[in-house]
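First comes the structure, then the notes that go with it.
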Amino acid sequence: MQLKPSPRAISLYYFGIFAVLGVYLPLFPSWLQAQEVRGLAMGAIAATLPAMGLIAPPVFGFIADSLGVRVWLIRAACAGALVAFALLALSSALGVALGFGGLFVAALAFAFFRAPMFTMADVVAIETSLSSGIAYGRLRLWGSISFALMAIVGGALIDTARPAAFPATMTAALLAAFAVSWTLPAGDEAPFQRPRQQRGARDAADAASAPAAEDSVQQRARALLRSRDFRLFLAASFLAQSANSSYDLCYTLHLRDVGFPESLVGVAWAVGVSGEIALMAFSGPLLRRFAPPTLLAVAFAGAALRWALLSSVQWWPALLAIQPLHAISFAMMWVASLAYTRDRAHPQILATAQGLFSASAGAGSVIGMLVWGELYKRGGGSLTFGVASITASSAFVLAVTFARSTRRSLSGSSVFSVSSRYQE
């Protein structure tokens with residue numbers, strides 16, 4: 001199957017889906033607090049997002065590789081997430097109190113469909129970068145721009161104390177994302193066609209010489225999971241993302257507790273994302289110069305420093321000055337992880353490998369979300385981000401071991417250069 005969405009189309013799709021996160025991540029904890037959901041209950045609801053990041057990406061990734069489907073899965077995921085939040089918005093507008101159980105189910109449904117919206121976008125973006133010669137980071141940065149804009153606008157205009165304001169805004173953002181997903185051409189995808197029928201339409205010589213697609217995907221995925229370097233990579237990703245989830249859940253709460261101006265909370269998120277945008281824009285030369293395992297070690301060290309500073313700094317202008325470290329703790333980690341995954345996995349199992357990485361990061365976030373809410377309730381930001389710094393330091397130690405044990409030279413350039421190809 002050859003997918004040929006234009007770079008403009010995938011950039012527009014990134015812009016659409018990250019507008020959703022620009023509303024969700026900064027405001028969801030505050031909205032839950034306004035619904036009298038706190039502590040462990042808040043952590044459990046917030047953990048649905050990374051929990052489904054553990055389950056959904058490997059499932060959708062295997063389906064995508066086995067059936068040769070990408071864009072149709074993206075459209076289905078966008079539709080499912082839209083329905084979940086539309087129902088939540090309707091109940092809020094009608095004044096129907098859902099309680100913990102209802103909010104948990106709604107968040108769980110949204111999280112299940114949200115995961116492939118983003119994971120499959122990365123797969124299509126990597127494939128698009130290879131066919132167009134445009135760097136993955138240049139495609140992905142439009143999502144970061146959208147996130148920053150929505151964080152600023154949402155923080156200034158959305159009153160989380162009003163029960164219907166947040167879910168209604170999320171519904172509107174998801175409707176826009178679903179509409180944008182139709183700008184991605186599906187190529188020769190046939191979502192209702194059996195895999196054998198699809199293979200029969202391909203070149204006869206290739207079909208005769210190649211193994212069955214289903215068996216090949218399974219065998220290659222098992223071989224990848226048996227490799228020591230990939231397992232170390234997944235373990236380091238687990239630890240790093242468990243630390244990063246403290247930021248997603250507790251950063252807004254911490255800012256308000258230390259007296260950060262309410263109107264500037266969205267700006268603080270946007271400052272962090274601006275560093276992310278800059279690194280994404282210039283990630284090509286960086287990935288060509290340094291191997292992904294090395295960059296991952298640097299990213300985890302930067303994360304440990306960032307969380308240590310957050311745990312000790314109380315002056316809000318200094319907290320704002322720390323935010324550019326987001327470029328290292330998140331953006332560098334993300335592009336290096338995708339570069340490693342792309343170079344390490346055979347093209348036939350790219351979606352599966354990406355799903356395994358997302359699952360590992362999602363598992364870390366699940367554990368983190370269940371811990372950080374209760375830690376913040378007991379000790380505030382000092383305790384929460386202090387423990388997160390220790391966790392990120394553990395990821396750094398593991399990443400150093402991973403970098404030293406990696407025998408293959410993984411430059412990451414295949415993600416950013418059309419001339420580079422996977423080699424067995």
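The values are calculated or read from the model by the stated rules, or taken from the named source; none is laboratory data. Bear in mind the structure is a predicted one, so any value in this text is a computation, not a measurement. Cβ placement follows ideal geometry from the backbone for every residue including glycine, while neighbour counts extend to all protein chains displayed. Keep in mind that these areas ignore ligands, DNA and RNA; they rest on the heavy atoms of the full protein, side chains included. Shrake-Rupley method; radii C 1.70, N 1.55, O 1.52, S 1.80 Å.
Within region 163-176, is there a residue that is of a type outside the set (Gly, Ala, Ser) and modelled with pLDDT under 85? Talk me through it step by step, then tell me what you get.
Residues of region 163-176 that are of a type outside the set (Gly, Ala, Ser), as a first pass: 163, 166-167, 169-171, 174-175.
With modelled with pLDDT under 85 added as a condition, the list becomes 163.
Yes, the conditions are met somewhere in region 163-176.
How many residues are modelled with pLDDT under 90 and of a type in the set (S, T, N, Q) when one looks only at region 290-311? Walk me through it before giving the result.
Pass one, region 290-311, residues modelled with pLDDT under 90: 290-294.
Narrowing the set further to residues that are of a type in the set (S, T, N, Q) leaves 294.
Residues meeting the conditions: 1.
When Gly266 is evaluated against the numbered criteria (1) in a helix (DSSP H, G or I); (2) modelled with pLDDT under 80; (3) open to solvent by 30 Å² or more (accessible area, probe 1.4 Å), which criterion, by number, is the only one it fails?
(3)
If I ask for residues that are closer than 24 Å to Ala148 by Cα and part of a helix (DSSP H, G or I), which ones from region 275-286 would you list? Quick ask: steps written out before the conclusion?
Taking region 275-286 first, the residues closer than 24 Å to Ala148 by Cα are 275-284, 286.
Those that are closer than 24 Å to Ala148 by Cα and part of a helix (DSSP H, G or I): Gly275, Glu276, Ile277, Ala278, Leu279, Met280, Ala281, Ser283, Gly284, Leu286.
Filter region 89-124 down to the residues that are among the aromatic types (Phe, Trp, Tyr) and open to solvent by 10 Å² or more (accessible area, probe 1.4 Å) and list them by number. Break it down stepwise before answering.
Initially, region 89-124 is screened for residues among the aromatic types (Phe, Trp, Tyr), giving 100, 104, 110, 112-113, 118.
Phe100, Phe104, Phe112, Phe113, Phe118, listed by residue number.
If a residue must be basic (Lys, Arg) and assigned to a helix (DSSP H, G or I), how many such residues does region 128-165 contain? Break it down stepwise before answering.
Within region 128-165, the subset basic (Lys, Arg) is 138, 140, 162.
Checking which are assigned to a helix (DSSP H, G or I) leaves us with 138, 140.
Summing the residues that are basic (Lys, Arg) and assigned to a helix (DSSP H, G or I) in region 128-165 gives 2.
Cβ-Cβ under 6 Å, sequence separation 6+ or interchain: first residue in region 79-102 and closer than 9 Å to Ala164 by Cβ and touching a residue at least 40 places away in the same chain (Cβ under 8 Å), partner open to solvent by less than 20 Å² (accessible area, probe 1.4 Å) and among the hydroxyl-bearing types (Ser, Thr, Tyr). Which pairs?
Between residues of region 79-102 that are closer than 9 Å to Ala164 by Cβ and touching a residue at least 40 places away in the same chain (Cβ under 8 Å) and residues that are open to solvent by less than 20 Å² (accessible area, probe 1.4 Å) and among the hydroxyl-bearing types (Ser, Thr, Tyr), there is no close pair.
List every residue pair whose Cβ atoms lie under 6 Å apart, where the two residues are 6 or more positions apart in sequence or sit on different chains, the first residue falls within region 228-255 and is without any contact (Cβ under 8 Å) to a residue 12 or more places away in the chain, and the second residue, located anywhere, is open to solvent by 10 Å² or more (accessible area, probe 1.4 Å) and assigned to a helix (DSSP H, G or I).
Listed by first residue and then by second, the contacts come to nothing, as the list is empty.
For region 272-299, which positions are within 29 Å of Val258 (Cα to Cα) and either open to solvent by less than 10 Å² (accessible area, probe 1.4 Å) or among the acidic types (Asp, Glu) (or both)?
Correct list: Gly272, Val273, Glu276, Ala299.
Yes/no matrix, rows are residues, columns are (1) open to solvent by less than 20 Å² (accessible area, probe 1.4 Å); (2) part of a helix (DSSP H, G or I):
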position: Arg8; (1), (2): no, yes
position: Tyr14; (1), (2): yes, yes
position: Ala19; (1), (2): yes, yes
position: Val23; (1), (2): yes, yes
position: Pro29; (1), (2): yes, yes
position: Leu32; (1), (2): yes, yes
position: Glu36; (1), (2): no, no
position: Leu54; (1), (2): no, yes
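How many residues are surrounded by fewer than 24 Cβ atoms within 10 Å (Cβ to Cβ), modelled with pLDDT under 85 and part of a helix (DSSP H, G or I) if we restrict to region 318-348?
4
So in region 376-398, with the set limited to residues that are within 21 Å of Gly259 (Cβ to Cβ) and of a type in the set (A, V, I, L, M, F, W, C), which one is farthest from the chain's Cα centre (by Cα)? Even if it seems obvious, please write down each step before you answer.
Narrowing region 376-398 to residues within 21 Å of Gly259 (Cβ to Cβ): 376-386.
Applying the additional criterion that residues be of a type in the set (A, V, I, L, M, F, W, C) yields 383, 385.
Working: Leu383: 26, Phe385: 21 Å.
Restricting to residues being within 21 Å of Gly259 (Cβ to Cβ) and of a type in the set (A, V, I, L, M, F, W, C), the top hit is Leu383.
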